1. Looking at (1) surrounded by fewer than 15 Cβ atoms within 10 Å (Cβ to Cβ); (2) more than 30 Å from His184 (Cβ to Cβ), can you tell me which one His479 breaks?
2. What residue, among those in segment 240-280 that are touching a strand residue (DSSP E or B) at 6+ places or on another chain (Cβ under 9 Å) and part of a helix (DSSP H, G or I), is surrounded by the fewest Cβ atoms within 10 Å (Cβ to Cβ)?
3. Just the residues that are in a loop (DSSP other than H, G, I, E, B), more than 18 Å from Ala92 (Cβ to Cβ) and polar (S, T, N, Q), please, taken from segment 10-37.
4. If we only count strands (runs of 3 or more DSSP E) wholly inside segment 108-158, which ones have 3 or more residues that are open to solvent by 10 Å² or more (accessible area, probe 1.4 Å) and in contact with a strand residue (DSSP E or B) (Cβ under 9 Å, 6 or more places away or on another chain)?
5. Tally up the residues in segment 170-184 that are in contact with a Leu (Cβ under 9 Å, 6 or more places away or on another chain), among the hydrophobic types (A, V, I, L, M, F, W, C) and either assigned to a helix (DSSP H, G or I) or closer than 22 Å to Glu129 by Cα (or both), please.
6. Collect the residues in segment 11-52 that are out of contact with any Gly (no Cβ under 9 Å at 6 or more places or on another chain), aliphatic (A, V, I, L, M) and either within 18 Å of Tyr98 (Cα to Cα) or open to solvent by less than 70 Å² (accessible area, probe 1.4 Å) (or both), keeping them in residue-number order.
7. Applying the selection to segment 183-197, what residues are surrounded by 24 or more Cβ atoms within 10 Å (Cβ to Cβ), closer than 18 Å to Val119 by Cβ and at pLDDT 90 or above?
8. Determine which single condition Glu55 fails, assuming it passes every other condition in (1) crowded, with 16+ Cβ neighbours inside 10 Å; (2) over 30 Å from the mean Cα position of the chain (by Cα); (3) outside any helix (DSSP H, G or I).
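The values are calculated or read from the model by the stated rules, or taken from the named source; none is laboratory data. Please read all numbers here as calculations on a predicted model, not as lab measurements. For neighbour counting, all protein chains shown are included, and Cβ atoms are generated from backbone atoms with ideal geometry for every residue, glycine included. Ligands, DNA and RNA are excluded from the accessible area calculation, which covers all protein heavy atoms including side chains. Shrake-Rupley method; radii C 1.70, N 1.55, O 1.52, S 1.80 Å.
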Amino acid sequence: MKLLKDLLYGVRLKDVVGHTQTAINNVCYDSREVQENSLFVAIRGTQVDGHDFIEKAVIAGAIAIVCEQMPKNTTAGIQYIVTRNSAMALSAIASNWYENPSQEMTVVGITGTNGKTTVSTLLFHLFSELDGAACGLLSTIDVKIGKESIPATHTTPDALSIQRHMRTMANAGVKYCFMEVSSHALVQCRAAHVDFDAAVFTNITRDHLDYHGDMNSYVKAKKILFDQLKNDAVAIYNDDVKHSSSMIKDCKARTKSYALQFPSDYKTKIMERRFDGMLLSINEQECWSRILGDFNAYNLTAVYAVAVELGKDPRQVLTTMSLLQPVEGRFHSITGKGITAIVDYAHTPDALKNVLKTIEILNDGQGKIITVVGCGGNRDKGKRPIMAEIAASHSDRVILTSDNPRDEDPNVILQDMANGLNSDQESRTIQIIDRRQAIKSAVMLAEPGDVILLAGKGHEKYQEIKSVRLHFDDLEEIHLLIKS
């Protein structure tokens with residue numbers, strides 16, 4: 001139980017109707033979670049407006065309402081708090097409700113179109129080994145609190161969940177928390193009151209334009225993370241990619257760059273590439289990694305930079321990095337029947353291109369590259385033809401298939417993809433809606449020495465069709481086919 005006035009600390013108020021000495025027993029933004037003496041925060045979402053549920057929340061027991069607009073009908077005895085931005089208010093309230101847990105640990109936020117999960121997960125494992133202490137992770141795959149793991153539902157949880165997880169971490173003695181920070185979360189203020197000690201910018205390429213509208217808005221969304229950094233924090237950015245300079249413009253924190261191409265604070269060279277790993281030189285110190293791909297050389301450099309900037313011994317960091325395993329569903333390779341299969345989460349044009357370029361380098365023309373790829377339903381339609389064109393440009397054969405069609409007709413999605421192909425590419429491409437059959441067909445087409453890429457799902461263990469999630473695991477499917 002907390003007093004309303006204490007929960008409103010840091011909230012910009014426009015109007016208060018009632019008094020703030022009211023005792024609050026619960027905070028929520030979903031009217032279905034209202035209990036007796038709850039504080040209900042009405043948020044305007046993309047699909048639903050919480051203001052439409054204020055009356056329902058009051059009936060269910062809410063004693064206080066935070067909103068952007070006073071309801072037409074108010075109820076006597078209920079406290080109404082009006083603010084300009086309810087989502088921002090919820091972020092502050094959530095932090096106050098859980099007693100500002102991010103201030104009790106070192107928090108590192110990672111943002112970018114690609115690489116967030118890899119960087120955050122590798123940091124979690126690296127620091128767990130370096131310190132031997134409990135670490136925390138908020139990622140696309142799961143939430144980790146020391147050795148405990150909870151499946152994730154979003155790349156970045158809602159504001160209340162973030163603060164709840166962090167309070168659990170702080171109580172468990174977690175020293176470091178590594179957190180993926182999505183553009184959606186930044187725009188929706190979910191992490192606005194997280195006390196970040198470091199932030200990483202990996203890259204930014206086309207994605208989520210169905211939500212942000214255009215690339216300029218997408219870039220501005222990512223920049224929010226760096227705009228909120230405090231003076232004693234550090235901003236670490238990939239200086240080889242577009243928009244890196246704009247990302248750190250006017251950033252109050254000290255800045256550190258990393259790169260493979262340009263001079264930087266943390267410079268990496270790839271000395272050797274093999275299917276079982278690669279040899280890196282980071283700031284002229286060699287490190288063997290079991291993690292493949294030039295794109296992962298960037299991710300590993302970011303990991304190294306974070307560790308050194310947070311005071312870890314560089315040599316010890318490199319030694320421990322050499323022990324790190326690939327992240328689930330990120331360039332996960334499996335061999336059988338003379339075939340190499342790669343399962344990767346690549347679901348953006350840039351990610352798909354990076355994975356296929358890596359396969360081309362490692363394959364060195366020795367066998368065919370067969371790519372199985374789809375695009376999600378109810379998402380950015382503009383990237384569909386681009387994805388298909390990239391797949392066909394870097395593969396000998398392409399199978400277009402389903403990847404979480406959601407509420408869309410998969411036939412329409414595949415046709416949208418096929419529209420990006422020229423006549424030659426089209427002749428090397430087939431469409432198979434059933435993903436299981438698509439994977440079987442890829443194996444049937446493959447000969448010893450060939451490489452199959454299963455792109456788009458990675459760690460996901462489901463297909464989402466008509467709002468129903470059905471069990472489906474790319475790794476499980478390919479394992480049955482080439483290991484049996």
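1. If we test His479 against (1) surrounded by fewer than 15 Cβ atoms within 10 Å (Cβ to Cβ); (2) more than 30 Å from His184 (Cβ to Cβ), just (1) comes out false.
2. Ser245
3. If the condition is that a residue be in a loop (DSSP other than H, G, I, E, B), more than 18 Å from Ala92 (Cβ to Cβ) and polar (S, T, N, Q), then Gln21, Asn25, Gln35, Asn37 are the ones that fit.
4. Here the list reads 142-145, 148-151.
5. Of the residues in segment 170-184, 3 are in contact with a Leu (Cβ under 9 Å, 6 or more places away or on another chain), among the hydrophobic types (A, V, I, L, M, F, W, C) and either assigned to a helix (DSSP H, G or I) or closer than 22 Å to Glu129 by Cα (or both).
6. Those that are out of contact with any Gly (no Cβ under 9 Å at 6 or more places or on another chain), aliphatic (A, V, I, L, M) and either within 18 Å of Tyr98 (Cα to Cα) or open to solvent by less than 70 Å² (accessible area, probe 1.4 Å) (or both): Val11, Val16, Val17, Ala23, Ile24, Val27, Leu39.
7. Listed by number, the residues that qualify are Ala185, Ala191, Val194.
8. Looking at each condition in turn, Glu55 falls short on (3).
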